[in-house]
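Enquirer: Have a look at this one before I ask anything.
The values are calculated or read from the model by the stated rules, or taken from the named source; none is laboratory data. Everything numeric here is computed off the predicted structure, so don't read it as measured data. Heads up, the Cβs are rebuilt from the backbone with ideal geometry, glycines too, and the neighbour counts pull from every protein chain shown. Note: areas computed on protein heavy atoms with side chains; ligands, DNA, RNA excluded. Shrake-Rupley method; radii C 1.70, N 1.55, O 1.52, S 1.80 Å.
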Amino acid sequence: MLAIAEYVVRGALSGAIYALLAVPMSLMFVTVRTIDFAVGAYALIAAAVCWSVGGALGLAAGLGAAMACAAFMAIIFLALKRLGCEDHIIYALASFGLATALASLVLWWWGTQAFVRDAFSDPWSVGGIRLAPQGVINFALILLLVGALHLLIQHTSLGRMMRAAAANQTGAALASIPVQGIQVGTYLAGGLLGGLAGLLVLYSAGLDFTAPLGLTLSGFGAAIIFGIGSPLRGFFGGLAMGIAQALAAGYASAMVAGMVPFLFVLLVLTTSRFGEEALAGGRP
Amino acid sequence: MIKSITRRVVLAAAVAGLAAPALAQGADRGPVKLGAVLSLSGPAAVFGIPERDAIQAVLKQMHSTTPDGRRIDLVLVDDKSNPTEAARAVSQVINNDQVVAIIGPSTGSGILAAGPIAQRLKVPLLGPAGTLAITDPKNEFYPWVFRVAPSDIVDIRVILRDMAKSKTKKVGIFYQEDAYGKTGVDEAKIFGPTIGLNVVDTVSAPYTATDLTAQATKLRNAGVEAVFLQVSISALGSSFLKAARQVGLDVPIYANAGLAQRSFAENTGPEAEGLRVLSIGNIPFDPVGGEVELAKMLQAEGKVPQGWGELVGTNALMAAVAAIDAQKGKEITGESMRDTLETLCNFKAYARGKACFAKDKHDGWGEDALVITELRNKQLKTLD
C-alpha cells in the first residue's frame, strides 16, 4: 500500500510541472482561441539563461529571456493579423516554428549539454517516503499560482474581458475591451509561466535542447484531458498525467510503460464529458 | 631576331610537351568527393557535431589532400537526427554531388534507412553507430555498409564484464525508449546470466522525461545490487542519477558509452561521483596516442574535445582516405571504394585498437578501442 502511495505522490509532484505548462495553453485558448506551442521552448530558454547567469539574477534573467521570446511570438501574431490572417491554426503553426528555432538557438549557443542545478542536497522524509524538497516546493508554488489564475479569470473584470475577447472579438471591441492588448498580454503571460516551468525543471530533473517538444506535448496533454478552457482543469490534468506515468513506470512492464499515460489521455477524451468539451473547444 | 623568336617557340613547345603528361595525370587525379551526412541538429547532434568538427579539423591539417596527394572535397549535409531526412540526404549527395563514399548517417536508424539507397546507387556508407543491425549480413545492403565504431554488443559485454568483477548478482537496467536502449537491454538479458549477472528488473523513459523518481523507486524496491544505464541523452542520465539519490537507491551505477561525454561529466552533480562509464578512447580527459594528436588539431580550430564522436567521425574519414590511396592510379567510384574498403587493415586512424575490414567483416573496430572510465571530480578517468 505504501508503495502505491509513494508512486502516487511522486506522480503528483512531477505532474505539477505538466500542470504549469498546461496553464498558459488554457489561457491562450481562452483568450485567442489558439495554442502557443512554443511554451516548452520558453522553458528551455529560461533554464539555459538561468544556468549561465546563476544565482538570483539568473532566475530573473531566465524569466526575462522567456518573456522576450514570448514577446517575439506576440509580434509574429500581430504581424500575421496585419496581413489579414485570421486562421488560428496558422498562429499555432507559427509558434511551432518559433519553438524549433529557439531549440536550434540553444543548440548553437550552448551545445548539447544538460542544464541542471541543485538547490537542496538532502531529501526530506515524509511518512516514510523520501522526497526531493524542490519537488514539494514546485507543487506548492504551482498550486498557489493556478489558484490565483483561476480566481483572476473567473472572478475579476480582467478575467471577464479575457473571456469576452475570446468568445466574440468584434463584440468585445465594440464594448471598449482592448482585445489586441489582452491577446498580447496572454502571450507574455505564457512566456512567464513557461519560463517559470523551465526554472523549476532546471532545479529538479534538468533538461537539454531536446526538451521543448516533450514539455509542450506533456503540457498540451494536461491541458486537454479535462477540458482546455480552464487552468484549474489543466492543473488536475497535469496531476492525472503525472500519476498515470508514475504508476505505469512502477507497475507496468518497461515495454508498455511509456504508452500508458497517452492511453490514459485517450481513454479520458473518448469516454468522458470532459473529452467532448475539450474537442469542441468548450469553455466553462 | 627571327632566329631568336624561333628558339623561344621551340623552347615553349618543348616545355609544353614535357608538361602535357603531367597535366593529363592531374586531370585524372581530380578531387575525390566524400559525403558526410551527420546529425547536426536534433537529439543525435550530441554525437554529430563532434564528428563534423573532428572531420573538418583533420581535413584542414591534411590540407584536404591524402598522403598520396589526392585532393578531397567534403560535401556536408545535416540529417537532423531523422532517418527519413538521412535517406534523402544520402540520395542527394550521391545524385547531385557524385560522392564516392559517405561518412554517416550518424544514427543507426539513419543508416538503416539509407542502406537500401546506398545499395541501389552503389556508394558505401561508413557508419559511426553501434546499432547491431546496420552490419547484419542478412541485410540486402550489407555489402554497402561499414561500421567505424565498436558495435553495441561489444560495448555491453565489456561494461557487464567490468560489473561482474564485483560481487554484484542482481542487476537493474534503466534504458531510453529507442532502438539503442532496447538493443542494450536485450543483449544484457542474454549475456548477463552467462557471467553470473541476473537482470531482475528493467525500467525505461522517453528522451523528454522530466522526472525519473518512479523508475528509480521501482529498481530500489526490486532490491537491485547495481544499475546499468543504457542511455545516450545526458539530461536523461543526470536526471536518473538525481532520482536515484532522492529515493535512496544507493548502489553502484554503470553506464554504457552514450554517457561518455564531456558535457555529461562536467554538468552532473555529486550524485554522479563514482559512476563507471564505458568509452571509445578518452579524448576529452585522458587522451593517449592518436587521441592526443587529434585533440591538438581540434584545439587548433578552437574546438574542445567532447567525447568519442570525434574518434568515430575520424575513423570514417581515415578509412575513406586509406581506401582512396590504396587505389593509386585507378579511377575511383563507389564500387571501387566498397571493394577496397573490404581489403583495408591496420590503416592510420586516431582511435585506439587495430582496425580491419574484410568481405565477411564490416565491423572495423572491436574491444581494443574501448576503455572503462570512472567519474571523479567532473572528469572521466580511465581505469587500468
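Enquirer: Between B:E367 and B:V251, what is the FRET efficiency for a Förster distance of 22 Å, r being their Cβ-Cβ separation, to the nearest 0.05? Kindly include the intermediate steps, with their values, before the conclusion.
Expert: On the way: r = 26 Å, r/R0 = 1.18.
Efficiency at R0 = 22 Å is approximately 0.25.
Enquirer: A follow-up question, please. Say each of A:A79 and B:K182 gets a label point 7 Å from the Cα, pointing the same way as Cα to Cβ; how far apart are those two points in nm?
Expert: 4.2
Enquirer: Take peptides B:68-79, B:312-323, B:242-253, A:229-240 and line them up by average Cβ neighbours within 10 Å, highest first, as a rough protection proxy.
Expert: Numbers: B:68-79: 17.8, B:312-323: 27.5, B:242-253: 20.7, A:229-240: 25.7.
Output ranking for B:68-79, B:312-323, B:242-253, A:229-240: B:312-323, A:229-240, B:242-253, B:68-79.
Enquirer: Where the centroid of each part is defined by its Cα atoms, how far is region B:103-174 from region A:30-74 in Å?
Expert: 39
Enquirer: Which peptide among B:140-148, A:76-84, A:113-121 comes first, and what is the full order, when sorted by highest mean count of other Cβ atoms within 10 Å? Working shown, then result.
Expert: Working: B:140-148: 22.1, A:76-84: 12.9, A:113-121: 18.9.
Ranking the peptides B:140-148, A:76-84, A:113-121 by packing returns B:140-148, A:113-121, A:76-84.
Enquirer: What distance in nm lies between label points placed 7 Å from Cα along the C-beta direction at A:V126 and B:K296?
Expert: 5.7
Enquirer: Mind pulling up the Rg/Rh value for region B:117-208? Radius of gyration and Kirkwood radius, both on Cα.
Expert: Rg divided by Rh gives 1.07.
Enquirer: Let me ask something additional. For chain B, take the longest principal axis of its alpha carbons; what is the angle in degrees between that and the long axis of helix B:2-28, to the nearest 10 within 0 to 90?
Expert: The answer is roughly 30 degrees.
Enquirer: Contour minus end-to-end for B:K359 and B:T194, with contour as 0.36 nm per residue of separation and end-to-end as the Cα-Cα distance? The partial results should precede the final answer.
Expert: Values: separation 165, 0.36 × 165 = 59.40 nm, distance 3.02 nm.
Here the segment from B:K359 to B:T194 would lengthen by 56.4 nm.
Enquirer: Taking the Cα atoms only, what angle lies between the long axis of helix A:88-110 and the longest principal axis of chain A, rounded to 10 degrees?
Expert: 50
Enquirer: Size of the dipole of region B:165-205 about the Cα centre, Lys and Arg at +1 and Asp and Glu at -1 on the beta carbon, nothing else charged, in debye to 20? Write down the numbers at each step before the final one.
Expert: Working: 6 positive and 5 negative charges, 78 e Å.
The dipole magnitude comes to about 380 debye.
Enquirer: Using only the alpha carbons, work out the radius of gyration and Dmax of the protein assembly as shown in angstrom.
Expert: 28.5, 114
Enquirer: Hey, another quick one. Hey, got the average number of other protein chain Cβ atoms within 10 angstrom for residues in A:106-118?
Expert: Values: counts 0, 6, 4, 0, 1, 8, 18, 11, 14, 3, 10, 2, 6.
Mean shielding by partner chains, rounded to a whole number: 6.
Enquirer: Could you give the angle, 0 to 90 degrees to the nearest 10, between helix B:290-300's Cα long axis and the longest principal axis of the Cα atoms of chain B?
Expert: Long axis of B:290-300 versus the principal axis of chain B: about 70 degrees.
Enquirer: Need one value for B:35-44: mean number of C-beta atoms belonging to other chains within 10 Å of its residues' C-beta atoms.
Expert: If you average over the peptide's residues, the count of other-chain Cβ atoms is 2.
Enquirer: Further question on the same structure: Pairs of Cα atoms under 8 Å, at least six residues apart: use those to get the relative contact order of chain B, whole percent.
Expert: Details: 802 pairs, mean separation 64.2, N = 384.
For chain B, the relative contact order is 17 percent.
Enquirer: Using the structure shown, select from B:K122/B:K361; B:K138/B:K182; B:K296/B:K378; B:K138/B:K167; B:K165/B:K242 the pairs with a Cα to Cα distance greater than 30 angstrom.
Expert: Numbers: B:K122/B:K361 19 Å; B:K138/B:K182 20 Å; B:K296/B:K378 22 Å; B:K138/B:K167 39 Å; B:K165/B:K242 26 Å.
B:K138/B:K167, as the Cα separations exceed 30 Å there.
Enquirer: Within the set B:K60/B:K303; B:K189/B:K359; B:K33/B:K60; B:K170/B:K218, which residue pairs have Cα atoms separated by over 23 Å?
Expert: On the way: B:K60/B:K303 13 Å; B:K189/B:K359 30 Å; B:K33/B:K60 15 Å; B:K170/B:K218 14 Å.
Result: B:K189/B:K359 exceed 23 Å.
Enquirer: Let me ask something else about it. Roughly how many nanometres apart are two label points built 7 Å out from the Cα toward the Cβ at A:I89 and B:N346?
Expert: 6.4
Enquirer: Would you list B:D53, B:D360 from the most to the least accessible area, probe 1.4 Å?
Expert: Working: B:D53 25, B:D360 130 Å².
Per-residue accessible area, sorted high to low, gives B:D360, B:D53.
Enquirer: Let me ask something additional. How crowded by other chains is A:239-251, given as the mean number of beta carbons from other chains within 10 Å of each beta carbon?
Expert: Values: counts 0, 0, 0, 3, 1, 0, 6, 6, 1, 1, 12, 6, 2.
The mean count of partner-chain Cβ atoms within 10 Å per residue comes to 3.
Enquirer: I'd like the FRET efficiency for B:S91 and B:E331, computed as 1/(1 + (r/R0)^6) with the beta carbon distance as r and R0 of 25 Å, rounded to 0.05.
Expert: Values: r = 23 Å, r/R0 = 0.92.
Step by step, r from the Cβ atoms, then E = 0.65.
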